[in-house]
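Reviewing the structure listed below.
FYI, it's all coordinate maths here, none of it is from the lab. Model, not experiment: these values are computed from the prediction. We place every Cβ from the backbone using ideal geometry, glycine too, and count neighbours over all the protein chains shown.
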Amino acid sequence: MKVVKITAVWCSACLIMNKIWNKVIEKKPIETISLDLDFDEEESNKYTPGEVLPVFIFMDNDKEIKRITGEHTEEELIKILEEIGD
């Protein structure tokens, strides 16, 4: 499994979630592809990120299995990883 994380430097929720995600992957190492909506526009648009940032797309064999947007707690992210079988 891997996670595609789409954020933007101007997004305050993204800055918060970057810190939280770093804590999550310390406990549950998982491949993460980090994209910036502005700097990686072409690659980001392949995932149709939508209007709300950040976007976390959980992938298995390059197939999207879950998508979440906005702010979440560390506990919520760990629970999601456990539910989808990290």
Checking LEU35, LEU15 in turn, the sole residue that is more than 19 Å from LEU81 (Cα to Cα) and touching a residue at least 12 places away in the same chain (Cβ under 8 Å) turns out to be LEU35
Problem - Verdict on GLU43 being more than 13 Å from LYS5 (Cα to Cα), without any contact (Cβ under 8 Å) to a residue 60 or more places away in the chain and more than 12 Å from the chain's Cα centre (by Cα) - result: no
